[in-house]
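Here's the structure we're looking at; comments come further down.
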Amino acid sequence: MKSKTLAVAFLGIFAASASAELTWHTDFEKGQKAAEEAGKNLLVDFTGSDWCHWCIKLKEEVFDQEAFEAVAEDYVLVELDFPNDESLVSPEQRKKNEELALNYSVEGFPTVLLFDSAGRPIARTGYQQGGAEAYLKHLAEITQPYENLKKADGEEREEALATFLSNTNPSDIEAHFEKELDELKKLDPEDERGVQAELASAKRLAEFQSKIEEKFMAGEFDKALADVDSYLAKHEPKGEELQFILMARLTVYVEQGKKEEAFAAVDEVAKVLPESDFAQNVEVIKNNITAHLQQRAEMEEESPEQEEADSE
């Protein structure tokens, strides 16, 4: 009797642990095909499994928990790893992963992208506190605009389109949801909801950032400043958009070692939104700039001495 009880208990434990094991594809295309065949959404985790602190926490607190197994009802899972240990991922797979990260504008780790069964990105997130059950609730919340859009028609359609598009990455809209954007333009030709202006601003900023990064990489700081002036004159940005553009000017001055100009740029950025976190920390920012420039100057002074010592 006792042995039978132990056997039942053992089987129960085994069954519980087995049910908690989810299938994670490591190839995006295979995962996408499986999602399409099953009529499910796709959850893709961009992770650094052996170095990224928040990636590891997300796996331990959410993905490895038994409560998370319910995700399999709605999602096919894919893990795209970017480990420091090159033996963990083949060179071919690493290249594929990097291309996907670039295509879907993945800028940090962990990034969790959610796709519909047709392979279109419908939401994105990352690490969230609270454990597996809270994370499942979070996934349901961030995909709700898309679910509402699928069901909406008539008078509800315009609102559903506006809500979904305003919560979607602009690059994802351009690549996958142009049809929905065109539909919104027809329903709201005067852009009374402001969604079209918001998306246009985001697109401009992304293009501006790309240009500025190219100038920085080439050390063409004067050309970067010219790009800032050109953007300000052409678009006359306000609010957060203006702050973003002026921050580029500030960064150039810091890179050029121009402390006075950098401090003036700090004040200029702060005036745009006096209640912003940036404006509330002006003195801290200036102190950090001073420390950064001083440290850089010390390193530059040490460098010739080190070169001379090495030559001896």
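Is there a residue in segment 189-198 that is modelled with pLDDT under 95 and touching a strand residue (DSSP E or B) at 6+ places or on another chain (Cβ under 9 Å)? No; the residues of segment 189-198 include none that is modelled with pLDDT under 95 and touching a strand residue (DSSP E or B) at 6+ places or on another chain (Cβ under 9 Å). When Glu155, Glu69, Glu133, Glu79 are checked against the criterion of being more than 20 Å from Ile173 (Cβ to Cβ) and at pLDDT below 95, Glu155 stands alone in meeting it. Scanning segment 75-132 for residues that are within 17 Å of Thr143 (Cα to Cα) and among the β-branched types (Val, Ile, Thr) yields a count of 5.
Let me confirm something: among Gln256, Gln294, Gln209, which residue is surrounded by 14 or more Cβ atoms within 10 Å (Cβ to Cβ) and either out of contact with any strand residue (DSSP E or B) (no Cβ under 6 Å at 6 or more places or on another chain) or modelled with pLDDT of 95 or more (or both)? Give the steps one after another, and end with the answer.
Details: Gln294 fails: surrounded by 14 or more Cβ atoms within 10 Å (Cβ to Cβ); Gln209 fails: surrounded by 14 or more Cβ atoms within 10 Å (Cβ to Cβ).
One residue alone meets the criteria, Gln256.
Picking from Lys150, Lys96, which residue would you name as being among the charged types (D, E, K, R), surrounded by 15 or more Cβ atoms within 10 Å (Cβ to Cβ) and out of contact with any Lys or Arg (no Cβ under 6 Å at 6 or more places or on another chain)? Every option except Lys96 fails the conditions.
Looking across segment 91-130, the residues that are among the hydroxyl-bearing types (Ser, Thr, Tyr) and at pLDDT 95 or above come down to Thr111, Thr125, Tyr127. The residues of segment 107-118 that are more than 22 Å from Glu60 (Cα to Cα) and surrounded by 15 or more Cβ atoms within 10 Å (Cβ to Cβ), listed by number, are Phe115, Asp116, Ser117. Of Glu174, Glu133, all but one fail to be in contact with a helix residue (DSSP H, G or I) (Cβ under 8 Å, 6 or more places away or on another chain), surrounded by fewer than 16 Cβ atoms within 10 Å (Cβ to Cβ) and assigned by TED's automatic domain parsing to the domain that holds Glu69; the exception is Glu133.
The values are calculated or read from the model by the stated rules, or taken from the named source; none is laboratory data. Quick caveat: nothing in here was measured; it's all calculated off a predicted structure. Ideal geometry is used to build each Cβ from the backbone, glycine not excepted, and the neighbour counts take in all protein chains shown.
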